[in-house]
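One structure below.
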Amino acid sequence: MKILGLPGRDQHTEQWLKRLLDAIDLGDTTVVHYRHWDGGEPNIADEAERLAGEDPQLIVAKSMGTLVGTRAFAAGLVSPRLMVLIGVPIAHLPDDALEPLRRVASNIPTLFIQQTDDVTGKFAQVKEFAAGLGQSTTAEVPGSDHQYEDIRELVAIVRDWIAEEEARDC
């Protein structure tokens, strides 16, 4: 399986996501290195455009990466079979930023993993948002710091969800 990792805004999430994808161990992985880490301000639209030509089967994204990945999907720049969105900053998103999230979770199997009291949006908010979206699954993990440090727990959630999705496809 070809996997594309989209980290969060802070550069430390690049290594965190590499560790997570290595532990999930489902295929060839690429983790995006954002331009703003080398200077400048984050630009979700530019980062989404950079994904054109990528052909992942699975996208695993955290925080800002969830916005990059869903925007790229909504624009037709990528068409993964599955998407995992960790720590969606739903409490801070304007309505127009929610549309790409809706489009993804209405069209492809999408797993939302959110901390119970994540400072960027509580699990309850994500669960309510995802409830009406036909392709969404939600998973709650304890925490409030937006760090998602329990890699083992995340690996188990992601691998179980992928196994369920693959069984459905058979």
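The values are calculated or read from the model by the stated rules, or taken from the named source; none is laboratory data. Quantities reported herein were computed from a predicted structural model and do not represent experimental measurements. Here Cβ is always computed from backbone atoms with ideal geometry, including for glycine, and neighbour counts include all displayed protein chains.
Counting only residues that are closer than 19 Å to Asp10 by Cβ, in a loop (DSSP other than H, G, I, E, B) and over 14 Å from the mean Cα position of the chain (by Cα), segment 43-74 holds 2 of them. Among the candidates Val88, Val78, Val84, the residue that is in contact with a Leu (Cβ under 6 Å, 6 or more places away or on another chain), β-branched (Val, Ile, Thr), assigned to a loop (DSSP other than H, G, I, E, B) and at negative phi is uniquely Val78. From the list Glu140, Glu149, the one residue that fits, being more than 25 Å from Glu14 (Cβ to Cβ) and either in contact with a strand residue (DSSP E or B) (Cβ under 7 Å, 6 or more places away or on another chain) or not hydroxyl-bearing (Ser, Thr, Tyr) (or both), is Glu140. Go over the candidates Leu26, Leu20 one by one and state the one that is assigned to a helix (DSSP H, G or I) and touching a residue at least 12 places away in the same chain (Cβ under 8 Å). Going through Leu26, Leu20 in turn, just one is assigned to a helix (DSSP H, G or I) and touching a residue at least 12 places away in the same chain (Cβ under 8 Å): Leu20. Scanning segment 121-133 for residues that are buried (at least 18 other Cβ atoms within 10 Å of the Cβ) and more than 17 Å from Trp161 (Cβ to Cβ) returns Gly121, Lys122, Phe129.
Yes/no per residue for (1) under 13 Å from Lys62 (Cβ atoms); (2) of a type outside the set (D, E, K, R):
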| position | (1), (2) |
| --- | --- |
| Thr110 | no, yes |
| Gln114 | yes, yes |
| Asp117 | no, no |
| Ala124 | no, yes |
| Ala130 | no, yes |
| Ala139 | no, yes |
| Glu149 | yes, no |
| Ala156 | no, yes |
| Asp160 | no, no |
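Among all residue pairs at least 6 apart or on different chains, which show Cβ distances below 9 Å where the first residue, located in segment 73-87, is among the basic types (Lys, Arg) and the second is in a loop (DSSP other than H, G, I, E, B)? Partner pairs satisfying both residue conditions: Arg81/Met1; Arg81/Pro56; Arg81/Gln57; Arg81/Ile108; Arg81/Pro109. Quick one: would you say Ser144 is of a type in the set (Gly, Ala, Ser) and part of a loop (DSSP other than H, G, I, E, B)? Yes; evaluated as a whole, the condition is true for this residue.
A quick yes/no check of all residues on (1) buried (at least 21 other Cβ atoms within 10 Å of the Cβ); (2) among the hydrophobic types (A, V, I, L, M, F, W, C); (3) out of contact with any helix residue (DSSP H, G or I) (no Cβ under 6 Å at 6 or more places or on another chain); (4) on the phi > 0 side of the Ramachandran plot:
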{"site": "Arg103", "(1), (2), (3), (4)": "no, no, no, no"}
{"site": "Asn107", "(1), (2), (3), (4)": "no, no, yes, no"}
{"site": "Thr110", "(1), (2), (3), (4)": "yes, no, no, no"}
{"site": "Thr138", "(1), (2), (3), (4)": "no, no, no, no"}
{"site": "Gln147", "(1), (2), (3), (4)": "no, no, yes, no"}
{"site": "Ile151", "(1), (2), (3), (4)": "no, yes, no, no"}
{"site": "Val155", "(1), (2), (3), (4)": "no, yes, no, no"}
{"site": "Trp161", "(1), (2), (3), (4)": "no, yes, yes, no"}
{"site": "Cys170", "(1), (2), (3), (4)": "no, yes, yes, no"}
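One residue is enough: does segment 105-124 have a residue meeting the conditions modelled with pLDDT under 95, over 26 Å from Thr30 (Cβ atoms) and assigned to a loop (DSSP other than H, G, I, E, B)? Within segment 105-124, none of the residues are modelled with pLDDT under 95, over 26 Å from Thr30 (Cβ atoms) and assigned to a loop (DSSP other than H, G, I, E, B).
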